[in-house]
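Here the structure comes first, spelled out in structure tokens, and everything after it is commentary.
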Amino acid sequence: MIENIRLAFQGIWGHKMRSVLTMLGIIIGIAAIITIVSTIKGTNEQIKQNLIGAGNNVVTVQLNQDGYAYDMSWNGIPDGVRIISQDTKKQLLDVSGVERVSLYTSRQNADSVYYKATSFSGSMYGIDTDYLSVYGYQVIRGRGFNENDYKNFRKVLLVDSTVQSSLFGGDDPIGRSVEINGDVFTVVGVIALREEFTPTINSMSDYNLYAKTSGGAMYMPDAVWPTAYQFDEPQTVAIKTTHTDVMTTAGQEAAKLLTSSQIVGTDSKFDYRSQDMLEQAQQLQNMSQSTNTQLIWIASISLLVGGIGVMNIMLVSVTERTSEIGLKKAIGAKKRRIRLQFLTEAAVLTSLGGIIGVLSGVGLSELISKMMDIPVAISVPAILVAVLFSMLIGVIFGLLPAVKAANLNPIEALRRD
């Protein structure tokens, strides 16, 4: 085999221009496919990041009424809906792909909240001990909530950096008192996201999922939520999954579990539904994928043309080397050896074309990315498949010339000049 490869390189080097022209179809085809695949992968990752954020992996499961999110700001306690217990939370943790679960209550436009004479119009959340870790928040000033805050029903608050700027004028809010529905709460900490992420908003549903109002957000322990808002109420569930790709299935399974365990009555107008931006991302990806798949098939035509070129040049090579083949057969070379030699030469030729095509495709992808600001992600599996596929093309299209060479009559071959 090593000898055949050496002879193949000698033949390619001996006819450099002819070899380059033969490989051109393979190079163009492989380069086009690598470029398209890299663009597809980069675009798909960008779609995910635009909709759900890099590494966020959080699915929100909330109560719905007749297909619409149930808003506690305008509606009372829903009939026939149980409060989510800790036992149910443990069941949610057993759902495949679920890493952490948080239960929380919220008001998107909180009212009757004041700092001195200034009214707060942002969002209010009653959170459990897992909320900050699920969403990736960290305390940047002061302290977070501890076990005693929950156990002793302490009226304490966390605020985000937006509230610090808008409500407290940029001053240190630690220790300041905020009045919520007549009760006084003390700010103990300021929180922020570990990694800032700005989602792409394309519709009202995207806005409703991400918007927390321009006024920022305040957070209190869920244990004191009934103190501020006078009653217990059904919680929203935030589920952090182990991986982005399992968000859809994990959210759907969690929604089914909550609907079956928390809703009383089979004819209820309430149910739990997951707000999963990954599903929307996958729809956009599928649209992009279908278009780019057609482009890949078009690019594959170049590979077909390149394969035909390989077969043509190998047939020419058989004709040129008829005497050589006849001599080898006359001294005892078997058909299998002759066939393997020509197949090896064809495979080496197309593999070189594949490698050059891959390098060209990677370079072209990076160039397009910089010139047109289009995200690309080089796919290592696609590169390996491209090189192996180019080698396969050499074997397939080199088979006919190899069989023809192996079947030559040695006496007739030696008679030819």
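Every read-out reported here was derived from the displayed coordinates using simple, explicitly stated rules and does not represent laboratory data. Just so it is clear, the structure is predicted and the values come from calculations on it, not from any experiment. Positions of Cβ are backbone-derived with ideal geometry, glycine not excepted, and every protein chain shown enters the neighbour counts.
For segment 106-164, what class follows from the C-alpha gyration tensor (a ≥ b ≥ c being the square roots of its eigenvalues): rounded when a/c is under 1.5, otherwise prolate if a/b is larger than b/c, else oblate?
prolate
Simple spin-label model, 7 Å along Cα-to-Cβ: Ala69 to Ile331 in nm?
About 8.2 nm, to one decimal.
Given a Förster distance of 35 Å, report the FRET efficiency between Asp373 and Val305 from their Cβ-Cβ distance, rounded to the nearest 0.05.
The value I calculate is 0.60.
Past 25 Å, Cα to Cα, is the threshold; run Lys16/Lys41; Lys16/Lys370; Lys90/Lys256 against it and keep the listed order.
Lys16/Lys41; Lys16/Lys370
Got a sec to turn the phi values of segment 394-405 into Karplus ³J(HN,Hα) couplings, 6.51 cos²θ - 1.76 cosθ + 1.60 with θ = phi - 60°, whole Hz, x for Gly and Pro?
Karplus-based 3J(HN,Hα) across segment 394-405 equals x, 5, 5, 7, x, 5, 4, x, 5, 5, 4, 5 Hz.
Determine the gain in length on full extension of the stretch Leu400-Ser260; use 0.36 nm per residue of separation and subtract their C-alpha separation, reporting nm with one decimal.
43.9 nm
Quick one: which of 58-69, 23-34, 303-314, 170-181 comes out on top by average Cβ neighbours within 10 Å, and what's the full order, highest first?
With the highest mean Cβ count within 10 Å placed first, the list reads 23-34, 303-314, 58-69, 170-181.
If amide H atoms are built 1.01 Å from N in the plane of the peptide, which residues on other chains or at least 5 residues away come under 5 Å of the amide H of Asp160?
Sorted by chain and number, the residues that satisfy this are Ile191, Ala217.
Taking a cut-off of 19 Å between Cα atoms, list the lysines near Lys116, but don't count ones fewer than 8 places away on the same chain.
Once the sequence-local lysines are set aside, what remains near Lys116 is Lys155.
Once you put a point 7 Å from the Cα of Met17 and another 7 Å from the Cα of Asp172, both along the Cβ direction, what distance in nm separates them?
Placing both labels 7 Å beyond Cα along the Cβ direction yields 8.1 nm.
Would you please give the residues with an amide H less than 5 Å from that of Arg141, counting only those at least 5 places away or on a separate chain, with H modeled from the backbone geometry?
Those lying under 5 Å, H to H, from Arg141 are Val190.
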